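The values are calculated or read from the model by the stated rules, or taken from the named source; none is laboratory data. Just so it is clear, the model here is predicted, and its values are computed rather than measured. Counting neighbours? That spans all protein chains shown, and the Cβs are built from the backbone with ideal geometry, glycine included. Ligands, DNA and RNA are stripped out before the accessible areas are found, and what is left, the full protein with its side chains, is counted by its heavy atoms. Shrake-Rupley method; radii C 1.70, N 1.55, O 1.52, S 1.80 Å.
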Amino acid sequence: MNSQKKRSPKIEPFRHRVDADPKSFDKSWKKLEDAIREIYNHNASGLSFEELYRTAYNLVLHKHGLKLYDKLTENLKGHLKEMCRSIGDAQGSLFLEELQRRWADHNKALQMIRDILMYMDRTFITTNKKTPVFDLGLELWRDIVVRAPKIHGRLLDTLLELIHRERMGEMINRGLMRSTTKMLMDLGSSVYHDDFEKPFLEVSASFYSGESQQFIECCDCGEYLKKAERRLAEELERVSQYMDAKTADKITSVVDTEMLANHMQRLILMENSGLVNMLVDDKHEDLSRMYNLFKRVPDGHSTIRSVMASHVKESGKALVSDPEKIKDPVEFVQRLLNEKDKYDEIISISFSNDKAFQNALNSSFENFINLNNRSPEFISLFVDDKLRKGVKGANEEDVETVLDKVMMLFRYLQEKDVFEKYYKQHLAKRLLSGKTTSDEAERSMLVKLKTECGYQFTSKLEGMFNDLKTSHDTMQSFYANLSGDTDSPTISVQILTTGSWPTQPCTPCKLPPEIVDISEKFRAFYLGTHNGRRLTWQTNMGNADIKATFGGRRHELNVSTYQMCVLMLFNSADGLTYGDIEQATGIPHADLKRCLQSLACVKGKNVLRKEPMSKDISEDDTFYYNDKFTSKLVKVKIGTVVAQKETEPEKLETRQRVEEDRKPQIEAAIVRIMKSRRVLDHNSIITEVTKQLQSRFLPNPVVIKKRIESLIEREFLERDKVDRKMYRYLA
């Protein structure tokens, strides 16, 4: 079956023959030509636009469209040439005004002419792909007027001259500038770009190149940046007032390049006023300006970060290696905290809390804090000082703030296990002496450490608190069961679990008989209620309150256990030699010297008198009961003369204990890794072990190698028989 394609019905216009009369065209064109002349002469009020439209309509209808179009073009050219002469003859400041007046006239005329020739625009021009009447008028204005030899260069020079004068501080007619640049934009983006924007940017680059060189020779960094900031703002405002909005990015890029990028290194490193001086003098406003300006420049922020990090490292290195500044650990850590606060404030206020800058700061602090291997000890001493004495005039929130800041320093430590060792010692002394300011603060610090390092880090520290609670309950039970002489001394025993506390083996001193009696009663009570346990007295860690009379004045002395043992000897003797005291008490030599020094050589606390009188204790000294001792206080606390920091032998001993504690941790990490990987090469084991343990300490590769050797000897691992750098796990 054949299907025939149906045609859609179409109504075609009636076609009739039109005779074109040449005389008729000339007559009609003459009418249109006269009308156009009157329009340009501002005499359009008397014209009949309906009649003119009909005339043009008939010409196009009678196939005179092309002829009419050509005649119009020639006519417009004539009027524009006349305008061009008028504009070219204008002198000085009148040049732009005349240009704008003529441009306005031409625009208005084009609109009227377009309305008259609307039929030609819609039919003939569309069909023959000619330029529409209005656009034709713009193109002719561009070619005959704007790009005329007498006008083209003069127009550009005039615009650039006015902009230069405005840059130098003069007031110019911005309205005239706006209308002129808008004229160029109306003529097409290529006209605006080629005839104005491109040369404007070139001249601007030259201007700012010279000005920046002049500024940098006579201004400091802060002043220079203010000028650059002001110039950027001026250019943006200038664009908003009388240029194309797209020019904004281009002109600011020119200013960025000429005033900032080309002088970046010199500005940032400028002597006496560059970035380092701004950091030292806390010039937040200048730093903020530098940050915001160099954000616009490639590698601007990375350069600032690099210089800042280098400065922080250098100043930090000077701080941690200065023998004078590390004499007082608490003051040393306070300086670190002050530095951290200072740079945190700079990053917050001036660098918009930029994470990249914060990371650079953290990296710098970590770098120099670990240059001093005593930093863990000093940070622990600082916490000890704050939790022992409290923060002067501060509430609990302020203490929390200080502890949070300390935790920031703690995070920078590579040897967190060393900090743990010292913190455990200091915490033990605080708890046992009852000198902690607040249990809440102590618990808060433990929570922070636990959050940072995990349960394993704080399990023994938490065990200390549990021991104290258990001891309190035990003492209540002991005195509830105790009967007999109520005049005997009262004791409070802290039962410390071995392993939780940093106790060291020590030789118990010889306690006074009164104390021995009550101590033995407690021993019997405790062992009677706890089978299989053993008690060892840590006499080096206790303290006592004793009543004493000096020349009829009664005082209550708070002393250490060693000091109590020494003072009780003077109940039966007025004077004793150093040897007598050592033999009677059994106190270790070094401890006895410190004990006697605090009892006899500290002004205001000298309950004993020493002969010969000196600051140091000698084995030839003799000690006497000082009946002339006076104090305004009834309760007198006599501390033991101790060094706040460890001595070199003590430091060495602590370091050795830390190294010993690390060995099983390294071995455990190796076994965990090998158990999961089964076969691994030497370098990979080093990398994996370091990664696993870096939260507590940075293991030395040499030590890791020794632990691998030890595990091979104990048959946890074996070397591959072919490749000696490969290890195999033995199940």
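Tell me the per residue accessible area of the chain using a 1.4 Å probe; a whole number in Å² is fine.
That works out to 55 Å² per residue.
If you take the Cα atoms of the range 20-74, find Rg, then find the Kirkwood Rh from the mean of 1/r over all pairs, what is Rg/Rh?
0.97
Rg(Cα) of the range 20-143 divided by 2.2 N^0.38 Å?
1.11
Roll a 1.4 angstrom probe over the protein heavy atoms and tell me the percent of accessible area of the range 647-727 that is carbon or sulfur.
Within the range 647-727, the accessible surface is 52 percent carbon and sulfur.
Expressed as cubic angstrom per residue, what is the convex hull volume of the alpha carbon set of the range 301-342?
52
Can you compute log10 of I(q)/I(0) for the range 253-334 with the Debye formula, treating each Cα as one identical point scatterer, at q = 0.16, 0.17, 0.21 Å⁻¹?
Each listed q corresponds, in turn, to -0.67, -0.72, -0.95.
Tell me the Kirkwood hydrodynamic radius of the range 344-430 in angstroms, computed as one over the mean inverse distance between distinct C-alpha pairs.
By the Kirkwood definition, the hydrodynamic radius is 14.3 Å.
In a solvent-free Debye calculation with one equal scatterer on each Cα, what is log10 I(q)/I(0) for the range 299-464 at q = 0.08, 0.13, 0.19, 0.20 Å⁻¹, listed in the order of the q values?
Cα-only, vacuum Debye calculation for the range 299-464: -0.25, -0.66, -1.26, -1.35.
Please compute the Kirkwood hydrodynamic radius over the range 159-199, one decimal place, Å, based on all pairs of different Cα atoms.
In the range 159-199 this quantity evaluates to 10.7 Å.
Can you tell me the Rg and Dmax of the range 493-591, counting just the alpha carbons, in angstroms?
15.6, 50
Working from the alpha-carbon coordinates of the range 152-228, get Rg over Rh, Rh being the Kirkwood radius.
1.07
Of the peptides 622-635, 446-459, how do they stack up when ordered by the mean number of other Cβ atoms within 10 Å, highest first?
Most protected by this proxy first, the peptides run 446-459, 622-635.
Carbon and sulfur atoms: what percent of the 1.4 Å accessible area of the range 147-269 do they account for?
51
So what are the ³J(HN,Hα) numbers for the range 168-183, from phi and the Karplus equation (6.51, -1.76, 1.60; θ = phi - 60°), rounded to whole Hz, Gly and Pro as x?
Rounded to whole hertz, the list is 8, x, 7, 8, 10, 7, 5, x, 5, 5, 4, 5, 5, 5, 5, 4.
Just in the range 650-731: which chymotrypsin sites (Phe, Trp or Tyr not before Pro) are loop by DSSP and have at most 11 other Cβ atoms within 10 Å?
Here no chymotrypsin sites (Phe, Trp or Tyr not before Pro) fit, given the DSSP loop and packing criteria.
What is the Cα centroid distance between the range 198-237 and the range 594-624, reported in whole angstrom?
75
Name the trypsin sites (Lys or Arg not before Pro) in the range 18-95 that are in a loop by DSSP and that have at most 13 other C-beta atoms within 10 Å, would you?
Qualifying residues, ordered by number: K63.
When Rg is the radius of gyration of the Cα atoms in the range 569-718 and Rh is its Kirkwood radius, what does Rg/Rh come to?
Rounded to two decimals, Rg over Rh is 1.34.
So what's the back-of-envelope 222 nm ellipticity for the chain, counting only DSSP H runs of four-plus at -39500 (n - 2.57) apiece and dividing by all residues, rounded to 500?
Value at 222 nm, helices only: -20500 deg cm²/dmol.
Based on the Cβ-Cβ distance from E324 to R101, what FRET efficiency comes out when R0 is 60 Å, to the nearest 0.05?
0.15
Give the percent of DSSP beta bridges with both residues in the chain that are antiparallel, rounded to the nearest 5.
Here the antiparallel bridges make up roughly 85 percent for the chain.
Mind pulling the angle between the C-alpha long axis of helix 221-242 and the longest principal axis of the chain? Nearest 10 degrees, somewhere in 0 to 90.
Around 30 degrees separate the two axes.
Debye calculation, C-alpha points only, no solvent: report log10 I(q)/I(0) for the range 136-282 at q = 0.14 Å⁻¹, in the same order as the q values.
One equal scatterer on each Cα of the range 136-282 leads to -0.72.
How big is the dipole moment of the chain about its Cα centre under a simple scheme where the beta carbon of each Lys and Arg is +1, that of each Asp and Glu is -1, and everything else is neutral? Debye, nearest 20, please.
With only Lys, Arg, Asp and Glu charged at Cβ, the dipole is about 2620 debye.
What is the dipole size for the range 286-344, taken about its Cα centre, with +1 at each Lys and Arg Cβ and -1 at each Asp and Glu Cβ, in debye to the nearest 20?
Around 300 debye, computed over the range 286-344.
Can you list the HN-Hα couplings for the range 395-407, worked out from phi with the Karplus curve (6.51, -1.76, 1.60; θ = phi - 60°), rounded to whole Hz and with x for Gly and Pro?
9, 5, 5, 5, 4, 4, 4, 4, 5, 4, 5, 5, 4
So, counting K/R as plus one and D/E as minus one, what does the shell of residues with Cβ under 11 Å around R443 add up to?
Cβ neighbours under 11 Å give a net charge of -2.
Note the direction-averaged projected area, equal to a quarter of the hull surface, for the Cα convex hull of the range 647-727, in nm².
5.7
How charged is the neighbourhood of M407? Take every other residue with its Cβ under 12 Å from the Cβ of M407, and add Lys/Arg as +1 and Asp/Glu as -1.
Value of the local net charge: +3.
What is the projected area of the convex hull of the Cα atoms of the range 541-635, averaged over all directions, in nm²?
5.7
If you take the charge dipole of the chain about its Cα centre, with +1 on Lys and Arg Cβ and -1 on Asp and Glu Cβ, which of L461, S438, T123 is farthest toward its positive end?
Result: T123, furthest along the dipole toward the positive end.
Sum up the charges of everything whose Cβ sits under 13 Å from the Cβ of F215, counting Lys and Arg as +1 and Asp and Glu as -1, but leave F215 out.
Local charge sum for F215: -1.
So how far apart, in nm, are the two label points at K706 and Q213 if each is 7 Å from Cα heading toward Cβ?
Going by the 7 Å Cα→Cβ label model, 6.5 nm.
Just the Kirkwood number for the chain, please: inverse of mean 1/r across all distinct Cα pairs, in Å, one decimal.
36.3
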